[in-house]
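Let me begin by presenting the structure, written as structure tokens, before commenting on it.
The values are calculated or read from the model by the stated rules, or taken from the named source; none is laboratory data. Note that the structure is predicted; figures quoted are calculated from it, not measured. FYI the Cβ positions are ideal-geometry reconstructions off the backbone, even for glycines, and counts take in every protein chain you see.
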Amino acid sequence: MGLGLFSPVADVERLTAAVRSPRLAVVSGKQGLEQRLEELDELAAGAVDRAIAGGVDVAEAIARGGSELSTKVRMGEPELVEEAGHRGIGLRVIKNQRVALTSTSDLTESGLSRFIADALELVDVSQEDPFAGPADPELVAKQRPGADELYDPAVGEIDADQALDWARRGEAAALQVDDRITNSDGATFSRVSRVFAMVLSGGFRGGYATSSASLVVVPIADDDDHKKRRGHHWTARRYLADLDSAEDVGAEAARRTLRLLGPRKVSSCEAPVIFEPDAARSILGMMASCVSGGSIWRKQSYLADRIDTRVASELVTIVDDPFLPRGPGTRPFDGEGLLSRRNTVVDSGILETFLCDSYSGRKLDRPTTASAVRSSGGAVGVSTTNLVLQPTDQSPQDILAATKSGLYVTEMMGMGFNPVTGDFSRGAVGFWIENGELAYPVSEVTISLNADELFKGIDAVGSDLDLRSAIAAPTIRVASMTIGGR
């Protein structure tokens, strides 16, 4: 089931009416949720049974359904109303250590028959892989794991009119802050509700529903040099009631835009660099890609062969935690049916583990860390859950005050990271620090340092952790980086 809607302003009334159509109704209420889960469970179980009957050794199916809504306003007028509903199934089969993947959104009997037949045909012509196979049956959950606080019915009940109202209120709040904010790149409110079920021939059956909602506001201000400065702010949560108010998001977006006015260039130098949480999250994301078992066995990580060695400063502890209440990456089990577990990746600067699914664990002769994720097409890989750089009790204000001079980074641009060598260089926007205060905004600078030295050079970690995203970090300071300016 699917429908995509793009809305120019003239068509908004027609399209919002279409979005309210019953055919795009989402799961609401406990009874409706349980019914959808049961339907998907039966769909996945049927595919597994038919594949096993077709002669494969292992069959693993994942069935999904859901609804997504995205709306945007600009200068108070609707620009976009887009909704899609979807259902589909993915299948992985293994026979004589040969693997095949198939998927379909055609859930008719003929569609499912072709789907199974394709899997059985493909597996016979696939190449053998000695490491292929399901998770160790002894590790797979024996009972259906529960999933608390991952789904909020109120999110699914948001219709197009309500979503547009969120976006309008956020943008209006930004435009009212200061006369220098004269334009807007718009405000976007989105919500997602998903349900899935996974059935493995090894005996596992489980599933759960998730939800999320978000609002982003992007004001534009006029600078004295007649240039436009664009800032933004956003909020995102699983539960609608946990979102920051539209008015607060808009006001903060305006504040962040206004502080960018009057940027200067700085001379090239080496100096301390403070990363505020959004920028620090990007830094932590580099570590996430380098501790994945897939990256390690492919030799695509500078951290290969670094277990039990120092890879960061003593202030750095990084935990992958799938149990955080209402966390964006929280889950009761992984993509291979193993109960979720909390993994300490870096402990006081020492690399403790790589994150592995069963396949990468076999390749590396390491145990799985219950870090498998299964795509809608049935493929299994490695993923983090809630990867968090643990905060301290030092406030970001204290970190700034203790920095005599340096760069405060609010945003980075480009993709300047080589995970094999660890080399890092990216464009940055932020503020120059003088005497422990933000002195003036800066632009057109680059920051660079090898990732190994960067993480080892972290000499302050803040207390301001915000779990808006599945990779999260508080404010951090690196003792010295190369800053490229004029």
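Filter region 102-128 down to the residues that are closer than 16 Å to A53 by Cβ and among the aliphatic types (A, V, I, L, M) and list them by number.
L112, I116, A117, A119, L120, V123
Is one or more of the residues making up region 119-137 modelled with pLDDT of 95 or more, touching a Leu at 6+ places or on another chain (Cβ under 7 Å), outside any helix (DSSP H, G or I) and not aromatic (F, W, Y)?
yes
Can you name the condition, by its number, that V345 falls short on among (1) in a loop (DSSP other than H, G, I, E, B); (2) without any contact (Cβ under 8 Å) to a residue 60 or more places away in the chain; (3) closer than 22 Å to L465 by Cβ?
Against the list (1) in a loop (DSSP other than H, G, I, E, B); (2) without any contact (Cβ under 8 Å) to a residue 60 or more places away in the chain; (3) closer than 22 Å to L465 by Cβ, V345 comes up short only on (1).
Can you pull out the residues in region 216-258 that are assigned to a loop (DSSP other than H, G, I, E, B) and under 14 Å from R180 (Cα atoms)?
Result: D223, D224, D225, H226, K227, G231.
Return yes or no: is V195 buried (at least 16 other Cβ atoms within 10 Å of the Cβ) and closer than 23 Å to R87 by Cα?
yes
From the list L324, L284, which residue is under 20 Å from the mean Cα position of the chain (by Cα), aliphatic (A, V, I, L, M) and part of a loop (DSSP other than H, G, I, E, B)?
It is L324.
Can you list residue pairs whose Cβ atoms sit under 6 Å apart, with the first residue in region 460-486 being in the same structural domain as V273 (by TED's automatic domain parsing) and at pLDDT 95 or above and the second being basic (K, R) and not in a strand (DSSP E or B)? Count only pairs 6 or more apart in sequence or on different chains.
Filtered contacts from region 460-486: I471/R281; A472/R281; A473/R281.
Is it the case that region 331-349 has a residue that's farther than 30 Å from F204 by Cα and buried (at least 18 other Cβ atoms within 10 Å of the Cβ)? Break it down stepwise before answering.
Quick first cut of region 331-349, residues farther than 30 Å from F204 by Cα only: 346-349.
Add one more test, that the residue is buried (at least 18 other Cβ atoms within 10 Å of the Cβ), and what stays is 346, 349.
Looking through region 331-349, at least one residue is farther than 30 Å from F204 by Cα and buried (at least 18 other Cβ atoms within 10 Å of the Cβ).
Scan region 232-248 residue by residue and report those that are within 21 Å of the chain's Cα centre (by Cα) and either assigned by TED's automatic domain parsing to the domain that holds W432 or not β-branched (V, I, T) (or both). Even if it seems obvious, please write down each step before you answer.
As a first pass, look at region 232-248 and keep what is within 21 Å of the chain's Cα centre (by Cα): 232-244.
Once the filter is applied, which keeps residues that are within 21 Å of the chain's Cα centre (by Cα) and either assigned by TED's automatic domain parsing to the domain that holds W432 or not β-branched (V, I, T) (or both), region 232-248 yields H232, H233, W234, A236, R237, R238, Y239, L240, A241, D242, L243, D244.
With the requirement that a residue be under 30 Å from L338 (Cβ atoms), assigned to a strand (DSSP E or B) and of a type in the set (G, A, S), what does region 42-80 give you?
Scanning region 42-80 gives A59, A61, A63, G65, G66, S67.
Please specify each residue of region 287-318 satisfying the condition of being part of a helix (DSSP H, G or I) and either polar (S, T, N, Q) or in contact with a His (Cβ under 9 Å, 6 or more places away or on another chain) (or both).
Matches in region 287-318: S289, S295.
Would region 9-25 turn up any residue that is exposed (fewer than 14 other Cβ atoms within 10 Å of the Cβ) and at pLDDT 80 or above?
Applying the first criterion (exposed (fewer than 14 other Cβ atoms within 10 Å of the Cβ)) to region 9-25 yields 9-10, 13-14, 17, 20-23, 25.
Restricting the remaining residues to those that are at pLDDT 80 or above gives none.
No, region 9-25 contains no residue that is exposed (fewer than 14 other Cβ atoms within 10 Å of the Cβ) and at pLDDT 80 or above.
Would you mind finding the one in G65, G55, G76, G133 that is in contact with a Phe, Trp or Tyr (Cβ under 9 Å, 6 or more places away or on another chain), on the phi > 0 side of the Ramachandran plot and not charged (D, E, K, R)? Explain how you work it out, then say what you get.
Details: G65 fails: on the phi > 0 side of the Ramachandran plot; G55 fails: in contact with a Phe, Trp or Tyr (Cβ under 9 Å, 6 or more places away or on another chain); G76 fails: in contact with a Phe, Trp or Tyr (Cβ under 9 Å, 6 or more places away or on another chain).
Just one listed residue meets the conditions, G133.
Among the residues of region 420-469 satisfying the criterion of being outside any strand (DSSP E or B) and among the hydroxyl-bearing types (S, T, Y), which is surrounded by the most Cβ atoms within 10 Å (Cβ to Cβ)?
S469
Considering only residues that are in a helix (DSSP H, G or I) and surrounded by 17 or more Cβ atoms within 10 Å (Cβ to Cβ), which ones fall in region 138-163?
P153, V155, G156, A160, A163
Going by what's in this entry, would E68 be described as over 32 Å from the mean Cα position of the chain (by Cα) and of a type in the set (D, E)?
Against the criterion (over 32 Å from the mean Cα position of the chain (by Cα) and of a type in the set (D, E)), E68 does not qualify.
Just to be sure before I move on: is Q97 more than 24 Å from the chain's Cα centre (by Cα) and at pLDDT below 95 in the structure I sent? Give the steps one after another, and end with the answer.
Values: more than 24 Å from the chain's Cα centre (by Cα): yes; at pLDDT below 95: no.
The answer is no for Q97.
Taking into account only those residues within region 247-303 that are among the hydrophobic types (A, V, I, L, M, F, W, C) and closer than 23 Å to T368 by Cβ, which is surrounded by the most Cβ atoms within 10 Å (Cβ to Cβ)?
V291
Has region 303-317 got any residue that is at pLDDT 95 or above and within 27 Å of T235 (Cα to Cα)?
yes
Do the conditions hold for D161, that is, is it assigned by TED's automatic domain parsing to the domain that holds G88 and over 28 Å from A370 (Cβ atoms)?
yes
Please go through (1) at pLDDT 95 or above; (2) assigned to a loop (DSSP other than H, G, I, E, B) for A279 and return the number of the only condition it doesn't satisfy.
Unmet for A279, out of (1) at pLDDT 95 or above; (2) assigned to a loop (DSSP other than H, G, I, E, B): (2).
Looking at this structure, is E60 closer than 30 Å to L164 by Cβ, surrounded by 18 or more Cβ atoms within 10 Å (Cβ to Cβ), assigned by TED's automatic domain parsing to the domain that holds R168 and in contact with a strand residue (DSSP E or B) (Cβ under 7 Å, 6 or more places away or on another chain)? Don't jump to the end; show me each part of the working.
Working: closer than 30 Å to L164 by Cβ: no; surrounded by 18 or more Cβ atoms within 10 Å (Cβ to Cβ): yes; assigned by TED's automatic domain parsing to the domain that holds R168: yes; in contact with a strand residue (DSSP E or B) (Cβ under 7 Å, 6 or more places away or on another chain): yes.
No.
Regarding region 428-444, can at least one residue be identified that is hydroxyl-bearing (S, T, Y), touching a residue at least 40 places away in the same chain (Cβ under 8 Å) and closer than 30 Å to T210 by Cα?
No.
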